[in-house]
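Structure first, then comments.
The values are calculated or read from the model by the stated rules, or taken from the named source; none is laboratory data. Keep in mind that this is a model prediction, so the values were computed, not measured. Glycine also receives a Cβ, built like all others from the backbone with ideal geometry; neighbour counts cover every protein chain displayed.
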């Protein structure tokens, strides 16, 4: 590994059931992802159910495909994103993410050096989060039938017996907390694509949030968590509102937004609440839990900018109160400012 | 649903976190796949661990991405394939497939009528096999950045306590059984792509094999099962040989091959053992289990053509003995005759 020339690229043979594919498994995926279940090399990982039973009474199971463009960006790459995104979708249920599957769709011609960089990034991100990548699949399609690389990950973990976080728990009077600055990932990708020239100040927030979430399990009054990715915080607020039958009022002045992100938004007339994040929680909590949740978040480097941004209301609308006290409906956009953000 | 005009196509907005995506979920995926876990509409399915504990002590977990071209073919479509293929990768461990995730990557411009046909096919195949599709994701990429539709499925199920099928169990003297005719899927796709004009006689064997496998759990002496997809039976024989340190001798005359498939192979100089199947088992069994396994397979419509095709040997080679008694090495091909076969 690591000695690729620029002529070493993915060929159609790497996606066959033949020797070329076997070599790719033996030299790249299996050594980098190595763990007991994967190393058995069966068609499926075989995981002891006792591991899950120790941790809870329900299995959390989720999936996402990642098609982000560009595949490398400040703060991460498509591989790191594919581990973080799915781990976070497990963690927001209260589960400890344990195992991931990964399915690669590779375009013929993808440099092997790029693939290795992505696979190393997945392996490092998973290892740091104590997650094992236990089963996988690789397909190759002809040049032009896909764009470089798409990755799907599915994940499983156990939800502790006493945790029942969910959008149906949300009640009027609950506070809405975000775990940090909004829109960093979306602004970073937009800046790259549109060459706005703000490189130094913008980094994706792509991170596994499980360590930030774990202490929240001990705080009574946590109602529901989501990670605000595609569609941003606005999409989550609409999910919360729809599922609970409540409304949400947020205060523009309370939104934590980095100045570089705010600059891009003002430049382009965009709303940071609609921008994608890849390492930010939206949390609905009972009023009496608000301070404990904020204190817990502030203790972790990923949560230093955590802030209450609004409140759950009796009405069914999602509203934003602006700098001058005027309030307006925050509609769920028909589409997003940016395709292929994740 | 079902009233699409040809102008109703997937747009970039369907892949955003916004309203268009919500509508696609509400009108297509959620009603067709409906089940308790999916209907909760959380970011992850929440499945009672008691369901798995009832059935076994290990969790089987697997994934595959499906990129087949064309997406509709005699005997199936990419959706049916995405359910069957992953269900089969679970079932060959002895597990009962229970839950699937699905991740769609859609090309802008895909007709909604095609998507609905595929989703209906997935729903019907899963329902017939008593499998629930409990979590999912949809991404859309620009025209030309993917080819129509790619689907990833990941699956989970419990492996019964007393089942320990695996390639490391294989021993010299074991018999090699296939559950039916070889190469039907590969020949069907080749015929379509190359327009060989044999339409009437060729159909993919795409099927969920769990009902064929279930009775084998009661037969002592079953060593290892695989479904022979990409790379065909040849790839499986090499996996069996590598994992067990044994060799395999197969007899050409014993191979069950339909005459239309044999015709295509002779026409193009191809080997049916290398052709993909999507509903065929390769089973290594102790000699004393051979008859019981064949009898069990023959009782099921999917196993009527089951046959012993060879034997596990002390040597490390995979060999084919031909019509006239001459024996030759059966190499693992470098690549496959057909890209995007599954």
Set A:255, A:212, A:216, A:190: member being in contact with a helix residue (DSSP H, G or I) (Cβ under 8 Å, 6 or more places away or on another chain) and either under 20 Å from residue A:68 (Cβ atoms) or within 13 Å of chain B (Cβ to nearest Cβ) (or both): A:190
Residue count, region A:61-70 (criterion: surrounded by fewer than 24 Cβ atoms within 10 Å (Cβ to Cβ) and within 12 Å of another protein chain (Cβ to nearest Cβ)): 1
Answer residue from region B:240-256, given it is assigned to a loop (DSSP other than H, G, I, E, B) and under 23 Å from the mean Cα position of the chain (by Cα) and is surrounded by the most Cβ atoms within 10 Å (Cβ to Cβ) among those: B:255
Out of B:41, B:58, sole residue that is facing another protein chain (nearest Cβ under 8 Å) and under 30 Å from residue A:238 (Cβ atoms): B:41
Odd one out for residue B:309 among (1) touching a helix residue (DSSP H, G or I) at 6+ places or on another chain (Cβ under 7 Å); (2) in contact (Cβ under 8 Å) with a residue 40 or more places away in the chain; (3) part of a loop (DSSP other than H, G, I, E, B): (3)
Residue list for region A:205-239, filter: part of a helix (DSSP H, G or I), out of contact with any strand residue (DSSP E or B) (no Cβ under 8 Å at 6 or more places or on another chain) and more than 19 Å from residue B:17 (Cβ to Cβ): A:211, A:215, A:217, A:218
Number of the exception - residue A:13 against (1) facing chain B (nearest Cβ under 7 Å); (2) surrounded by fewer than 20 Cβ atoms within 10 Å (Cβ to Cβ); (3) touching a helix residue (DSSP H, G or I) at 6+ places or on another chain (Cβ under 9 Å); (4) over 14 Å from residue B:334 (Cβ atoms): (4)
Among the residues listed as A:260, A:224, A:306, A:284, the single one being more than 14 Å from chain B (Cβ to nearest Cβ), farther than 21 Å from residue A:333 by Cβ and modelled with pLDDT of 95 or more: A:306
Residue in region B:184-204 that is assigned to a strand (DSSP E or B) and either at pLDDT 95 or above or at negative phi (or both) present: no
Options A:134, A:178; residue that is surrounded by 23 or more Cβ atoms within 10 Å (Cβ to Cβ) and over 28 Å from residue A:314 (Cα atoms): A:134
Filter result for residue B:173 (more than 9 Å from chain A (Cβ to nearest Cβ), crowded, with 24+ Cβ neighbours inside 10 Å and farther than 25 Å from residue B:24 by Cα): no
Matching residues, region B:17-57, being in a loop (DSSP other than H, G, I, E, B), in contact (Cβ under 8 Å) with a residue 24 or more places away in the chain and crowded, with 19+ Cβ neighbours inside 10 Å: B:44, B:56
